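Participant: Provided herewith is a single structure, encoded as structure tokens, for subsequent inquiry.
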Amino acid sequence: MQQNGSEEPRNEEYSEKMKNKNKESLGAKIGKKTAPIFEKIGDLSMVQRILVCLITIVLVIGGYVYFIYMPKQERMEKLENKLASLKRTLVTYRQKAATLEKYEKKMADAQARFNLAMKALPDKKEIPSLLTGISSSGSDAGLEFLLFQPKGQVDKEFYAEIPVSIKVQGGYHEIAAFFDQVARLYRIVNIDNITMTSQNKSDDLEASCNAVTYMFVEKKEDDKNKKKKKK
């Protein structure tokens, strides 16, 4: 046990001596190689020594510029170019976003106007009540209906016309009041082809006209496909 304890310090001392020896040998080798150079420099004149120093400085600076500064500068330029490209892309995206916002606003306004217009166009379920409203307007005005005949619908692009042949009898003011009430209906109703004839035995007039209302029609996929096939 005592023998092992004494060997450990000896091993450490030996390792330390070897390290110092290696350092000394490395220093000796460098010293041997550089000694002739320093001897030659020592033999040079002052001007030559200054030139050697200047050349050494230039070489050191040149090595730094070529191996360290230039690669970093090149990398910086690449990063700056990439940053500039990203900024241009960001500006483009912002412009597109602004354009998209304007487009979406226009679409929303157009949709709002379309919805407002659609309120004036009844769907198929509302047509009977609308026709009843037209008839009630005439009765409220004090007119006598001689004819109230809905005709077949006339299909258009996204709506259909529902014409109604009307013939009423009554006073001039009552007929005018009827037309005014029809014009005030919340749905679109146009009155055209108005003709008036007087009755010989009374002051009443007989008025004939066409009332045209409009119904919203949603296009079916079959109709769209038929049009595509025709093309």
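Participant: Take the conditions surrounded by fewer than 10 Cβ atoms within 10 Å (Cβ to Cβ), out of contact with any Asp or Glu (no Cβ under 6 Å at 6 or more places or on another chain) and not small (Gly, Ala, Ser) and apply them to Met70. Does it pass?
Facilitator: Answer is no for this residue.
Participant: Now for a different question. For Glu174, all conditions in the list (1) among the acidic types (Asp, Glu); (2) in contact with a Gly (Cβ under 8 Å, 6 or more places away or on another chain); (3) in a strand (DSSP E or B) hold save one; what is the number of the exception?
Facilitator: Here Glu174 clears every test but (3).
Participant: Given the options Leu83, Leu54, name the one that is more than 40 Å from the chain's Cα centre (by Cα) and either touching a residue at least 40 places away in the same chain (Cβ under 8 Å) or assigned to a helix (DSSP H, G or I) (or both).
Facilitator: That would be Leu54, the only listed residue that is more than 40 Å from the chain's Cα centre (by Cα) and either touching a residue at least 40 places away in the same chain (Cβ under 8 Å) or assigned to a helix (DSSP H, G or I) (or both).
Participant: Can you tell which of Val212, Val189 is surrounded by fewer than 18 Cβ atoms within 10 Å (Cβ to Cβ) and within 19 Å of Ile127 (Cα to Cα)?
Facilitator: It is Val212.
Participant: What pairs can you find where one residue is in the stretch 120-138 and in a helix (DSSP H, G or I), the other is at pLDDT below 70, and their Cβ atoms are less than 9 Å apart, with a gap of 6+ or different chains?
Facilitator: Ser129/Pro122; Leu130/Pro122
Participant: So, one more: When the stretch 133-185 is examined, which residues are found to be under 27 Å from Gln199 (Cα atoms), of a type in the set (Val, Ile, Thr) and within 53 Å of the chain's Cα centre (by Cα)?
Facilitator: Within the stretch 133-185, Ile134, Val164, Ile166, Val182 qualify.
Participant: Right, another one. Kindly check whether there is at least one residue in the stretch 69-85 that is modelled with pLDDT under 85 and aliphatic (A, V, I, L, M).
Facilitator: yes
The values are calculated or read from the model by the stated rules, or taken from the named source; none is laboratory data. This is a predicted model, so every value here is computed, not measured. Quick reminder, even Gly has a Cβ in these numbers, built from the backbone with ideal geometry, and neighbours come from all protein chains shown.
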